[in-house]
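Accompanying notes for the structure given below.
The values are calculated or read from the model by the stated rules, or taken from the named source; none is laboratory data. This structure is a prediction, so every number in the text was calculated from the model and none was measured. With ideal geometry, Cβ positions are generated from the backbone for all residues, glycine too; neighbour counts draw on all protein chains shown.
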Amino acid sequence: MPPNDVAVLMHLAGFLTGAALYGMLFALVARRLRESDRLPLLTAILGLIWNLTCLAAYGVRDLFGRDPHPYLIASAYSALGFLPAVVVHSVLRSDTRGKPRRASQAVIFIAYAASTVAEGLLFLSARQGSTPSPAALRLLTVTYAALTIPVILLTRRRRGSGRGWAIVALAAFAVSALHLSHAERANEPWLVELIGHHASIPLIFAILYQDFRFALADLFLKRALALFGILGIAIGLYAGVQVPLLAKHPSRNDPVAIGVSVTMWTAMALLYPLLRRGSSWIVDRLVLRRANYAELCSAIESRLEPIDDVTRALDAVVAMLAGPLGARSIRWTTIGEAPEGEDAFLIPSAEPPRFAIVPGALAAGRRLLSDDAAMLREVALIAARRIDAIRMAQVRMLTTEAELRALRAQLNPHFLFNALNTIAFLIRSAPERALETLMKLTSLLRAVLRSPATATLGDEVALVAAYLEIEQARFEDRLRIEIDVPRELQPLQVPPLIIQPLVENAIKHGIVNSRAGGEVSVTARMVRGELLLTVRNSGVKTTENEIANGRRRGVGLANLQARLERHFGNAARLTLVPAPAETIATVCLPLPRELMARGA
C-alpha cells in the first residue's frame, strides 16, 4: 500500500477514534449533567468539533483532492485552541464550592484570553485565504507551555495534583504538536502531520481514564482490542495468504482462489466473537481487575450459611457487593421504599416482607452492564433462599415451642390430679412417702415447665424416672419399673419430652386397665447408626387395629410424630407393635455423624 494511502487511512482512523472518545465523554457527562459538569461537557464539545470538522476537511482533501474551505479549518483549530483553556479552568477551579483564588482566576483569564486572540488570528488568516495562522499556533504554544508552571505551583498541595499537571501538560502538548507540525512549512511530512492532528487523543484518554475508567474500558477498550485483533489477523492473512495465492492464481474466476478467499473471510467472521470475549477478559481481569462474579456468588452463599438473622444477612450481602461492584454506596431496602429512578434488584423471598438490593452511584464513571445485572440477580436469589431458610427455621422454632406448651398442658391436668390424690392418700397412711412423692412431683413439674428446645437423653431419662416413681406411689405393686439406658448414650441431644408421652400411654392404656398391673421398661440402644428408644408395657394386651385407632384419635402420639418429622424429616420413625405378651413403642433417631465416625 502506498504511503499516501496509509496516511489517508490513519487520518481517517485517528479522527474517528477522537470523535468516538470525545463523544463518549459528552454522553457520560450529559446524562448526569450538573453545574459542576459544565466544563467537562464543554471539553467534550470542543473535542467533537475538532475531530468531526477535521474529518470533513481532510476527508475532502485526501479523498477528493480539493482544498477544504478556510473557515472550516479556522473553526476546527479554534475549537482545539479553546480546549486547553477549558482544561486549565477545570484543574484550577476550587476544590470547594467557593470561587477559585485570585491567582487561579488570573491564570484562567490568561488562558481564555490567549485562546480568544488565537481564534481571531485564525479567522483573520482564513479571510485572507491562508490557513492555519502560524501566529495563532505560536501564541497557543507559548502561552500554554508557560501556564503549565503556575498551574503546578497553584495545585501542588491539592489532593490528586499530579493528575491535574498531567492533563494540563497533555493539553499544552496538543496545541504545541499542532504548531510544530505547521512550523512555517507548506507541505509537512504525513507522519508529522498525523502526530500534530491527533495529539488531543492522549488528552481525552487521560480524562476518561481518570474520571470514567470503567466506561472507557467497557464501552471502548474492549471493542477496540477486538477490532485491532481482527484487523491484525486480516492483514496477516491478506499479506501471507491472499497476495501469494492471487499471484499463483491471477484469474478472478479461479475456483481455488475463490474458495480460499471465502474460507478466510468466513473464518474471520467466526473469530470475532472469540476475540471479543478475549478482549473482555483482558480488560476485566488485567486492566480493571474486576472480581470473578462466579467466585463472588459462591463466597456470598458461604458467608450467609451460618447467619440466622434476616437483617444481618442483608447487611452481609451489601457489604460484600460494594467493593467488587465498584459502588460508592450500596444498600438494601424494603420493597416500596426504593426511590423512583433507582436500579433495584428484587430479592424474591417466598413470604413478605420482601427486600431489594439498591446499588448507588458507581465509581470512575462505571455503569451497570449486563454481567453486573446478572450477578446482582443471582445474589438476590441466593439472599432470598437464605431469608426463606431463616424464616422457616424461626417458624419451626415457634412451632416447637407451641408443641412443647401443648405437651405441658396435656401432661399437667390429669397427671397432676392423680398425683395429688395419691399424695393426699399417702398423707394419711404414709406421711414420709407423701413428702417424698411431693418433692418428686415438684421436681418433675419444674423440669417439664423449664424444658428447653433440646435436651440430653440423660435429662429425659431422669424426667421419666421421676414420673414413673410418682405413678408407682399411686399403683404400688401393680406397677413395676425397669430403666436401662447406657451411661455413654446419656449425653446425646434429643428433642425434649420425647419419651414421656410413650410412658404416659403405657400407664394409661396398659397398666390402668389391668387388674394385675404390669411392667413398664424404658431402654436405649445404638443400632446401625440409629438411636433406638423403646418403651414396653406388659399390661393389657392390644391389637394392631386398636393401636391404629388410638393413633388416629390420640393427641400425644400424633404430636410426637409431627415433632419428629420437623426435627429429622424422614430420618426418624415412631412405631407401635403389639407383641404376644406386651406392647412395644419405639422411636428411631439418626445419630450425629461425628458420633458415628467415632463408633460411639
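Restricting attention to the range 116-146, which residues are in a helix (DSSP H, G or I), touching a residue at least 60 places away in the same chain (Cβ under 8 Å) and closer than 21 Å to D67 by Cα? Correct list: L137 only.
Whether any residue in the range 502-516 is in contact with a Lys or Arg (Cβ under 8 Å, 6 or more places away or on another chain) and surrounded by 19 or more Cβ atoms within 10 Å (Cβ to Cβ) is what I want to check. Within the range 502-516, one or more residues are in contact with a Lys or Arg (Cβ under 8 Å, 6 or more places away or on another chain) and surrounded by 19 or more Cβ atoms within 10 Å (Cβ to Cβ). Candidates P359, P353: the one that is more than 30 Å from A291 (Cα to Cα), touching a strand residue (DSSP E or B) at 6+ places or on another chain (Cβ under 6 Å) and modelled with pLDDT of 75 or more is P353. Residues that are among the small types (G, A, S) and touching a residue at least 60 places away in the same chain (Cβ under 8 Å) do occur in the range 523-542. Summed over the range 294-310, residues that are of a type outside the set (D, E, K, R), at pLDDT below 90 and loosely packed, with under 12 Cβ neighbours inside 10 Å total 2.
Of all residues in the range 465-510, those that are within 20 Å of V577 (Cα to Cα) and of a type in the set (S, T, N, Q) total 2.
Looking only at the range 523-531, decide whether some residue is farther than 20 Å from A455 by Cβ and more than 57 Å from the chain's Cα centre (by Cα). No, the range 523-531 has no match at all.
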